[in-house]
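Trainee: Let me begin by handing over the structure; questions about it come next.
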Amino acid sequence: MITLALYYAFACFGLGLLITLWRVVFSPSIPDRILALDTMVVNVIALIVLFGMITGSGLYFEAALLFAMTGFVSSVAYAKFILRGDIIE
């Protein structure tokens with residue numbers, strides 16, 4: 001039963017990833033695209049964790065943590081770029 005729930009969650013997060021990808025491509029403004037990219041990072045982290053649960057490997061949890069740190073830094077860099085027009089001062 002748990003494997004069926006994991007596959008259902010995998011499909012739901014995959015669908016959410018596709019919807020946010022559509023939002024990145026057809027977004028009216030740059031802040032909306034940044035928010036959609038941040039949402040995509042969250043969905044990819046969830047997919048990595050679910051894949052780790054399905055396979056029973058702990059390595060994917062560390063990969064999800066690294067991806068979360070990279071996603072956070074990129075979101076901060078995008079926001080700084082929008083506010084100031086420059087990332088490195």
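The values are calculated or read from the model by the stated rules, or taken from the named source; none is laboratory data. Just so it is clear, the model here is predicted, and its values are computed rather than measured. A quick note on method: Cβ atoms are made from the backbone with ideal geometry, for glycine too, and the neighbour counts reach across all protein chains shown.
Trainee: For the stretch 6-22: of the residues being surrounded by fewer than 16 Cβ atoms within 10 Å (Cβ to Cβ) and touching a residue at least 12 places away in the same chain (Cβ under 8 Å), which is nearest to Leu47 (Cα to Cα)?
Mentor: Gly14
Trainee: Where residues in the stretch 54-65 are modelled with pLDDT of 90 or more, surrounded by 11 or more Cβ atoms within 10 Å (Cβ to Cβ) and not aromatic (Phe, Trp, Tyr), which of them is nearest to the chain's Cα centre (by Cα)?
Mentor: If we take residues in the stretch 54-65 being modelled with pLDDT of 90 or more, surrounded by 11 or more Cβ atoms within 10 Å (Cβ to Cβ) and not aromatic (Phe, Trp, Tyr), then Ala64 is nearest to the chain's Cα centre (by Cα).
Trainee: Here are Val41, Val76: which of them is modelled with pLDDT of 90 or more, within 22 Å of Val24 (Cβ to Cβ), out of contact with any Lys or Arg (no Cβ under 8 Å at 6 or more places or on another chain) and part of a helix (DSSP H, G or I)?
Mentor: Val41
Trainee: Could you please let me know if Ile30 is over 14 Å from the mean Cα position of the chain (by Cα) and over 30 Å from Ala79 (Cβ atoms)?
Mentor: Taking the combined requirement at face value, the residue does not satisfy it.
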